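Below: one structure, written as structure tokens.
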Amino acid sequence: MTQGTGRCRAHTNIALIKYWGKQDEQLFLPMNSSLSLTLNAFYTDTKVTLDQALKQDVFLLNHQKQSAEQTLKISNFLDLFRHKYSISAKICVESINHVPTAAGLASSASAFAALAGAINEAARLNIGLQELSTFARRGSGSATRSIFGGFVEWQKGTCSTDSFAIPLDDAAWDIGMLIVVVNHREKIISSRQGMKRTVETSPFYPAWVKSSEKDLVEMKKAIVTKDFSKIGELAESSALKMHATMLSAQPPFTYFEPDSIRVIQRVQELRKKGLECYLTMDAGPNVKILCRLTDMDKLKQELSTEFSQDQMILSGVGSGIHSLSENEWLL
Ligand code: ADP
Ligand code: DP6
Ligand code: CO
């Protein structure tokens, strides 16, 4: 295959049982299995063009040509497909993030799921979704889960071929997330660096892995029984335990900002008052609040005394990757 175009949309996902640490950095094999909810509010659209005439790969993000370093990251990812499927063409990647980049809102998840989907389409590879998730994984661990919609498990597996995502439930229930954007700027410590430092230096790390495994079993049960309260409690606990491993790393670090703590306190207060909501946070200061869709407007109203309208984004559940027609691209 020397020519071809593919366009794909992938939504971000937010882990309810977090992935934080790799046992194999080259292959992106995680220390523990994780579980997420795909969101419809945030996504990446990516177009891939195979072009024999190009001298080197080109990578445009949000219409801007990216640095040699960022382009190399993309080229290395594309090489996984080129090697396996004997593709020689250089590739032009054009991607639009409908999510802030590198701000702890999971842009790397939608990014590599969309890129994997777009190359699958462009080179007519017909890779099935489960296997495609193993490719997405090699770009960013969290991207493994963005291949699918709803509640998704990333089974850590034993090797590169069986560390993949499986869809658990479409989550078409009364559930959603309100995202409080505390800061949308790029973080200083990437997820990759943060988790590496934690694995290498936190004395709490082994306890994190052990308790995540237990939490995952409980979470899967809570999903089967549609037990919203249990899902929320486990999600909040997983996130806060993950953040505790960062405070205990050497040198210590945190993604919390003063406003993150304000949101955490508000969520816990509101819950006491009977509005059931639970928080989760990733490698960034922004807080995601799991709530019932039917409570979302109320929750937004409660928070609007402290946060502005444009800081609060409401999201329902997102679907898995899908290809885009030429007309849908850049809409
Ligand atoms: P986030 O919290 O946004 O996932 P990460 O540190 O995990 O932050 O990943 C951010 C990195 O993901 C960016 O620096 C860039 O390398 C990559 N990335 C983000 N968006 C895209 C995209 N649309 N296409 C390709 N790579 C992307
Ligand atoms: C805190 O998937 O962004 O969001 O695999 O190194 O690219 P790399 O990291 P990334 O890490 C995500 C960490 C997290 C938790 C999660 O999404 O499970
Ligand atoms: Co990421």
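The values are calculated or read from the model by the stated rules, or taken from the named source; none is laboratory data. Model, not experiment: these values are computed from the prediction. So basically every Cβ, Gly included, is an ideal-geometry build from the backbone, and we count neighbours across all protein chains shown.
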Can you tell me which of Thr280, Thr245 is among the hydroxyl-bearing types (Ser, Thr, Tyr), within 16 Å of ligand 3 (Cβ to nearest atom) and either under 21 Å from the mean Cα position of the chain (by Cα) or under 22 Å from Ala102 (Cβ atoms) (or both)? Thr280
Among the candidates Ala118, Ala109, residue that is among the small types (Gly, Ala, Ser) and either within 16 Å of ligand 2 (Cβ to nearest atom) or surrounded by fewer than 22 Cβ atoms within 10 Å (Cβ to Cβ) (or both): Ala109
In this structure, does Leu234 turn out to be touching a strand residue (DSSP E or B) at 6+ places or on another chain (Cβ under 6 Å), surrounded by 14 or more Cβ atoms within 10 Å (Cβ to Cβ) and touching a residue at least 60 places away in the same chain (Cβ under 8 Å)? no
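A quick yes/no check of all residues on (1) polar (S, T, N, Q); (2) touching a residue at least 24 places away in the same chain (Cβ under 8 Å):
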| position | (1), (2) |
| --- | --- |
| Gly284 | no, yes |
| Asp295 | no, no |
| Gln301 | yes, no |
| Ile313 | no, yes |
| Gly318 | no, yes |
Tally, over segment 246-295, of residues that are buried (at least 21 other Cβ atoms within 10 Å of the Cβ) and either charged (D, E, K, R) or part of a helix (DSSP H, G or I) (or both): 7
Single unsatisfied condition, Gln66 versus (1) buried (at least 23 other Cβ atoms within 10 Å of the Cβ); (2) at pLDDT 95 or above; (3) touching a Phe, Trp or Tyr at 6+ places or on another chain (Cβ under 7 Å): (1)
Quick check on my filter: what residues within segment 168-191 are surrounded by fewer than 19 Cβ atoms within 10 Å (Cβ to Cβ), more than 25 Å from Asp310 (Cα to Cα) and away from ligand 1 (no atom under 16 Å from the Cβ)? Leu168, Asp169, Asp170, Ala172, Trp173
Could you check how many residues of segment 91-134 are within 13 Å of the chain's Cα centre (by Cα), in a loop (DSSP other than H, G, I, E, B) and either away from ligand 3 (no atom under 16 Å from the Cβ) or over 23 Å from Gln56 (Cβ atoms) (or both)? 7
